[in-house]
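Below is one structure, written out as structure tokens; the observations come after it.
The values are calculated or read from the model by the stated rules, or taken from the named source; none is laboratory data. All values reported here derive from a predicted model rather than from experimental measurement. Note that each Cβ is placed from the backbone with ideal geometry, even for glycine, and that neighbours are counted across all protein chains shown.
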Amino acid sequence: MENYQFPKGFLWGGATAANQMEGGYKEGNKGLNIADVLPGGKERYNILLNPGFDFEIHPEKYSYPNHEAIDFYHRYKEDIALFAEMGFKAFRMSIAWTRIFPNGDELEANEEGLAFYDRVFDELHKYGIEPVVTISHYEMPLHLVKEYGGWRNRQVVTFFERYAKAIFNRYKNKVKYWMTFNEINSGLVMPIQGLGFSIQKEEDKFQPTFQAYHHQFLASAIAVKACHEIIPNSQIGCMILYAPVYAFDSNPENVLYSLQEEQLFNYFCGDVQVRGEYPAFIKRYFKEHQIELEIQDGDLDIIKEGKVDYIGFSYYMSRTEKKVKTDEEASQGNIIGGVKNPFLKASDWGWEIDPVGLRISLNKLYDRYQIPLFIVENGLGAYDKIEEDGSIHDDYRIDYLREHVKAMGEAIEDGVELMGYTTWGCIDMVSMSSGEFSKRYGFIYVDKHDDGSGTLERKKKKSFYWYKDVISTNGEKL
Ligand code: BG6
């Protein structure tokens, strides 16, 4: 197809997370959160994927890039003006739980934190930009991790409820679009950020992981219900990390294995949050892994009453699976595993680039759930080079995004209901998985480097002008 028809009111924009952009990690009475104790650089990746993290800051050994990040805390006006110049209709951001409840278990919210987000939302509305807010984006209060054991502990559900209600009440006239937990399924591979604890030994992960999930599902359902009650015209979604799983070949064993991986990783959480009940396949999985959930009377009713309105998801890559794989075949850099796909090229960080996979994902998700979809993350992490005249020609990023926007256009033609598209890291930020500044996603370059140097000056890349045209023509000019 040549001319894609995006719906009227389509939410074009960009996406970020508080911990990766705000900085000001101790300002305004903010408490420490998980991201504040994650070191920068390659070490972070090992910490996220392996057991035994201590949740302590070790200044003698590591740097902590999230502490200053790109200083959005002080520069939000300048940044929002740039988003407005691109014509953003929506801006996805998260609220740092620790700005509102610094330890997580207080009874009263912190006024300075609440006032900060008032200023940010007011600034967005000044330009007609709709905020899309993630309530928890890998930013659990550290105190809840250390003193309560993260989401393993049922008490955390009450703390989250208090936090969610505080922000719904405060921002009920300013925020219409919400999401509960960022990439909720990622806790299956990265429990530190997703579930707020580090497993000690690989074999001990099953029971605590799924008990923590049960608590998150309760918290999510309670928040959904409260959101609908407090803000009647709101829409609140789940947010999943979606990477369609392909079988490496037509060997039925590989096809079955891919299906099972897809069910567990891509659909388990969505099934609970969208359909309001545990799916059939997970019951067998629980049995086979000796998992016995503690479910109290009424829990399943709460989950049933808290179904989300839409599915927010991130899409960066697909995943190709084989039941038995050698280390050599394994896909490099793909956090969620799999083998190399011979048909795909990968980014500098080994993430396989697959725009057709986005069309497949949109169709699969819509076929399964039949509720609106919202792509709330997609983008290319790449090294950018500044030319002598100060310009940045990021044609590789434009190519990547163009192909993904085309895939969205095709999926809409296929009949998929798509609400919007917020590209990840519309402004350069700290990378989540590698803690680097050099893994850049933005339309806006930020002068900040892995060694901590940089003026924090903002510059428009070539993609800035490209995206501006895409938005102003509602996807006609790609
Ligand atoms: C998603 C996260 O997994 O991917 C973001 O929600 C993250 O927080 C993004 O930044 C890109 O990942 P990374 O590791 O390249 O920053």
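Select from the range 182-209 the residues that are among the hydrophobic types (A, V, I, L, M, F, W, C) and part of a helix (DSSP H, G or I) and write down the one among them that is farthest from the ligand (Cβ to nearest atom). Write out each step before concluding.
The first filter runs over the range 182-209 and keeps only residues among the hydrophobic types (A, V, I, L, M, F, W, C), leaving 184, 188-190, 192, 195, 197, 199, 206.
Add one more test, that the residue is part of a helix (DSSP H, G or I), and what stays is 184, 188, 192, 195, 206.
On the way: I184: 11, L188: 13, I192: 13, L195: 15, F206: 23 Å.
Top of the filtered list is F206.
Taken together, I282, I336, I303, I295 contain a single residue that is crowded, with 17+ Cβ neighbours inside 10 Å and part of a loop (DSSP other than H, G, I, E, B), which is I336. Residues in the range 1-37 that are within 18 Å of the chain's Cα centre (by Cα) and assigned to a helix (DSSP H, G or I): A18, N19, Q20, M21, I34, A35, D36. The test for being in contact with a Phe, Trp or Tyr (Cβ under 9 Å, 6 or more places away or on another chain), part of a loop (DSSP other than H, G, I, E, B), under 30 Å from T423 (Cα atoms) and modelled with pLDDT of 95 or more holds for Y316.
Assess whether N66 counts as being without any contact (Cβ under 8 Å) to a residue 24 or more places away in the chain, within 16 Å of the ligand (Cβ to nearest atom) and not hydroxyl-bearing (S, T, Y). Before the answer, list the steps.
On the way: without any contact (Cβ under 8 Å) to a residue 24 or more places away in the chain: no; within 16 Å of the ligand (Cβ to nearest atom): yes; not hydroxyl-bearing (S, T, Y): yes.
For N66, the condition - without any contact (Cβ under 8 Å) to a residue 24 or more places away in the chain, within 16 Å of the ligand (Cβ to nearest atom) and not hydroxyl-bearing (S, T, Y) - is not met.
Is one or more of the residues making up the range 29-36 surrounded by fewer than 18 Cβ atoms within 10 Å (Cβ to Cβ) and either modelled with pLDDT of 95 or more or within 16 Å of the ligand (Cβ to nearest atom) (or both)? I'd like the intermediate steps shown before the answer.
Step one: filter the range 29-36 for residues surrounded by fewer than 18 Cβ atoms within 10 Å (Cβ to Cβ), giving 29.
Still in the running and either modelled with pLDDT of 95 or more or within 16 Å of the ligand (Cβ to nearest atom) (or both): 29.
Yes.
None of G350, G312 is surrounded by fewer than 18 Cβ atoms within 10 Å (Cβ to Cβ), closer than 23 Å to G381 by Cβ and within 16 Å of the ligand (Cβ to nearest atom) except G350.
When A330 is tested against the conditions (1) surrounded by fewer than 18 Cβ atoms within 10 Å (Cβ to Cβ); (2) of a type outside the set (D, E, K, R); (3) modelled with pLDDT under 95; (4) within 16 Å of the ligand (Cβ to nearest atom), the lone failure is (4). Against the condition β-branched (V, I, T) and modelled with pLDDT of 95 or more, how does I360 come out, does it pass? For I360, the condition - β-branched (V, I, T) and modelled with pLDDT of 95 or more - is met. Within the range 341-360, if we keep just the residues that are in a loop (DSSP other than H, G, I, E, B) and aliphatic (A, V, I, L, M), the residue that is farthest from the chain's Cα centre (by Cα) turns out to be L344. Restricted to the range 361-478, the set of strands (runs of 3 or more DSSP E) holding at least 2 residues that are more than 16 Å from the ligand (Cβ to nearest atom) and in contact (Cβ under 8 Å) with a residue 24 or more places away in the chain comprises 418-424, 458-460.
Among the numbered conditions (1) part of a helix (DSSP H, G or I); (2) in contact (Cβ under 8 Å) with a residue 60 or more places away in the chain; (3) within 15 Å of the ligand (Cβ to nearest atom), the only one that N46 does not meet is (2).
Name the residue, out of L38, L48, that is touching a Ser or Thr at 6+ places or on another chain (Cβ under 7 Å), under 26 Å from E147 (Cβ atoms) and of a type in the set (A, V, I, L, M). Don't jump to the end; show me each part of the working.
On the way: L38 fails: touching a Ser or Thr at 6+ places or on another chain (Cβ under 7 Å).
When all the criteria are applied, what remains is L48.
Using the structure shown, decide if I353 is touching a Pro at 6+ places or on another chain (Cβ under 7 Å), modelled with pLDDT of 95 or more and among the β-branched types (V, I, T). Spelling it out, it is not the case that I353 is touching a Pro at 6+ places or on another chain (Cβ under 7 Å), modelled with pLDDT of 95 or more and among the β-branched types (V, I, T). Among the criteria (1) crowded, with 24+ Cβ neighbours inside 10 Å; (2) modelled with pLDDT of 95 or more; (3) farther than 23 Å from G442 by Cβ, the one E161 does not fulfil is (1).
Which of the residues that make up the range 319-330 are touching a Phe, Trp or Tyr at 6+ places or on another chain (Cβ under 6 Å), hydroxyl-bearing (S, T, Y) and in a loop (DSSP other than H, G, I, E, B)? Listed by number, the list is empty, since nothing qualifies. Taking every residue in the range 223-244 that is more than 24 Å from Y366 (Cβ to Cβ) and pairing it with any residue that is part of a loop (DSSP other than H, G, I, E, B), at least 6 positions away or on another chain, the pairs with Cβ-Cβ distances below 6 Å are K225/G306; I230/K172; I231/K172.
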